[in-house]
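J.: Take this structure first; my questions come after.
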Amino acid sequence: AFFSIGMGPATWTIASEVFTTSIRAKAMSLATFGNRATATIFASSFLSVSNAMGSSNFFVMMTLVCLVILLWMCYYLPETKGLSLEEMAHYFAEITGDESILEVEGLNRREVDRPNDPEQDILL
């Protein structure tokens with residue numbers, strides 16, 4: 001049940017919102033591969049790990065993992081409601097210090113912050 005309100009939909013929501021249009025198809029392919037590979041490893045090792053730990057301990061561990069991920073999502077993921085892909089690309093480039101994505105997308109601060117604002121040109 002915790003998976004359905006935390007890690008399950010969050011994986012697809014995060015992956016679909018953070019990739020810019022120029023890399024979205026390839027990035028979503030890699031995200032999907034990573035998701036399916038992790039699910040395969042988890043499903044393949046479930047019985048052996050559950051037998052080693054005991055079923056109740058295993059599910060307590062998985063509950064704790066889901067709670068840690070939920071806390072991470074609440075505190076470290078930015079709110080993207082109402083932001084365009086270009087605004088999110090600019091935001092993520094700023095916090096990571098990666099200006100190359102802005103060059104790929106052809107963005108600059110004026111286009112993202114306030115288009116057609118002559119006062120913003122002074123800041124550039």
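The values are calculated or read from the model by the stated rules, or taken from the named source; none is laboratory data. Note that the structure is predicted; figures quoted are calculated from it, not measured. SASA here: full protein model, heavy atoms, side chains in, ligands and nucleic acids out. Shrake-Rupley method; radii C 1.70, N 1.55, O 1.52, S 1.80 Å.
J.: Report the accessible area of Trp72, computed with a 1.4 Å probe over the heavy atoms of all protein chains in place, in Å² rounded to the nearest 10.
T.: We get 120 Å² for Trp72.
J.: Report ³J(HN,Hα) in whole Hz for each residue of the stretch 11-21, in order, from the Karplus equation J = 6.51 cos²θ - 1.76 cosθ + 1.60 where θ = phi - 60°; Gly and Pro get x.
T.: With the stated coefficients, the stretch 11-21 comes to 4, 6, 5, 4, 4, 7, 9, 8, 8, 6, 5 Hz.
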